[in-house]
1. Go through segment 271-299 residue by residue and tally those that are at pLDDT 95 or above and either of a type in the set (D, E, K, R) or on the phi > 0 side of the Ramachandran plot (or both).
2. Within segment 170-177, can one find any residue that is in a loop (DSSP other than H, G, I, E, B), open to solvent by 10 Å² or more (accessible area, probe 1.4 Å) and not hydroxyl-bearing (Ser, Thr, Tyr)?
3. Out of Val125, Val109, Val66, which single residue is among the β-branched types (Val, Ile, Thr), modelled with pLDDT of 95 or more and under 16 Å from Ala2 (Cα atoms)?
4. Please work out which one of (1) open to solvent by 30 Å² or more (accessible area, probe 1.4 Å); (2) at pLDDT below 95; (3) within 16 Å of the ligand (Cβ to nearest atom) is the condition Lys183 fails and give its number.
5. Among the residues in segment 363-379, are any in contact (Cβ under 8 Å) with a residue 24 or more places away in the chain, surrounded by 15 or more Cβ atoms within 10 Å (Cβ to Cβ) and acidic (Asp, Glu)?
6. Would you confirm whether or not segment 356-369 contains a residue that is at pLDDT 95 or above, at negative phi, basic (Lys, Arg) and part of a helix (DSSP H, G or I)?
7. What helices (runs of 4 or more DSSP H) lie completely within segment 247-327 and have 2 or more residues being among the aliphatic types (A, V, I, L, M) and more than 19 Å from Arg338 (Cβ to Cβ)?
8. For segment 315-330, indicate whether the set of residues that are open to solvent by less than 10 Å² (accessible area, probe 1.4 Å), of a type in the set (A, V, I, L, M, F, W, C) and in contact with a His (Cβ under 9 Å, 6 or more places away or on another chain) is non-empty.
Amino acid sequence: EAGELADQLGCEAYAVGGFVRDILLGRPNLDLDLVVEGDGIDFAKKFASRVGGRVKAHSKFKTAVVILDDDQRVDVATARLEYYEYPAALPTVELSSIKMDLYRRDFTVNALALRINPGRYGQLVDFFGAERDIRNKTIRVLHSLSFVEDPTRILRAIRFERRFDFQIGGQTMRLIKNALSLKLFSKLSGTRVMHELQLIMNEEDPLSCMLRMQELGIMEAIHPLLKLTQERIQILTELVKVHNWYKLLYLEPKIVPWKLYILGMTAGVKRDQTTQVTKRLHFTPKEEREFLQLRDMIGEALMKLMGWKEGKSKLSRLYSILHPIPVEGILFLMARSRKEYIRRNISQYLARLRSMAVDVNGKDLMDMGIKPGPVFGQILDKLMVAKIDGRVETREDQLKLAKR
Ligand code: CTP
């Protein structure tokens, strides 16, 4: 459809970037990016009205997003045609603007385009040897100023290298080391670093990216307190295992990977020093507050769990220790617990107790003539504890207990 539209508008359109790269790699990728040599916004609007979808346009950047009815997104960018007028009688030349567009990108593997106009549909446009680099499993920049222009590309290089099991090329690696020795990293804003860290932590194997970062001294370059010690590596290894286990078993609630892994990256850092890290990474006040709170809750729970004995302690006790803690914290506790039975019981908590609810609600309590207020919560908590410990199985039993 997009290709036909391009023909009708008399312009060339291309699929670009990760979408094309992943076709060559045989990996699934649903994010379609288009570049149009023409008016990208006009193209996006006409495309949306053809296939059904909404358009969000950014006229400043001449880009638009088409959100299709099934929530799929198609990004459309404009590559402007540039005409260079030669003096005297020589004709004006039209520079291929897709080439310019691709040249601005980070790595050769991301600088591929695929023609989508019907006559040339599926033709690969590869100006920079990307196909060869994919064959040789190499991450290579397009020019020597790439990391100076944008140091976050260092983290992107690592992320793609580890994701595809590629190698950063020799010259590219020298450019990375050069950029690091120029301390370009310390000039990067916390927001941008944090964004890249989040992307890394959403990867299949975040630990191998973090190890590579450490190898290159990037952890300390972000903040001296973030050096990956042997102890932290061990904790992060456990976190990856627990995280994978959780992803396999539970679709809900979704966890936010960075909350889990930043806990591991800052293990052993004192509370007041932790804020140095959260400030460097430009956490919002809310994120910072919640992160510190999560840290505190974990510390407290670890202490309490030490006193919890299987068979002796009540299950409701486990519930009250764990229930206030967000799931990222629960997973951290699981990873940090040395005792097998604690892990097993935390897993039980996630499977059964976490989502358990009493069979009596506020309306029932009002019907009994109890006035709404804090006492409601207290009664419901008491019922929950009794239910977990198996003292009140049925709704009738719970109503009776509530009356008392
Ligand atoms: N890009 C870049 N420099 C950056 C970020 C992005 O040159 N700092 C370019 C890349 O060439 C990339 C394109 O912008 O192909 C889109 O970026 P993004 O969506 O992050 O890349 P994907 O390759 O789609 O990454 P992923 O597979 O992780 O979604």
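1. Here the count works out to 10.
2. no
3. Step by step, each of Val125, Val109, Val66 is checked, and only Val66 is among the β-branched types (Val, Ile, Thr), modelled with pLDDT of 95 or more and under 16 Å from Ala2 (Cα atoms).
4. The one condition Lys183 does not meet is (3).
5. Yes: segment 363-379 contains one or more residues that are in contact (Cβ under 8 Å) with a residue 24 or more places away in the chain, surrounded by 15 or more Cβ atoms within 10 Å (Cβ to Cβ) and acidic (Asp, Glu).
6. no
7. Those helices (runs of 4 or more DSSP H) span 257-265, 285-306.
8. No - not one qualifying residue is present in segment 315-330.
The values are calculated or read from the model by the stated rules, or taken from the named source; none is laboratory data. Because the structure is predicted, anything quoted here is derived from the model rather than measured. Ideal geometry is used to build each Cβ from the backbone, glycine not excepted, and the neighbour counts take in all protein chains shown. What goes into the accessible areas is simple: the full protein's heavy atoms, side chains included, and nothing from ligands, DNA or RNA. Shrake-Rupley method; radii C 1.70, N 1.55, O 1.52, S 1.80 Å.
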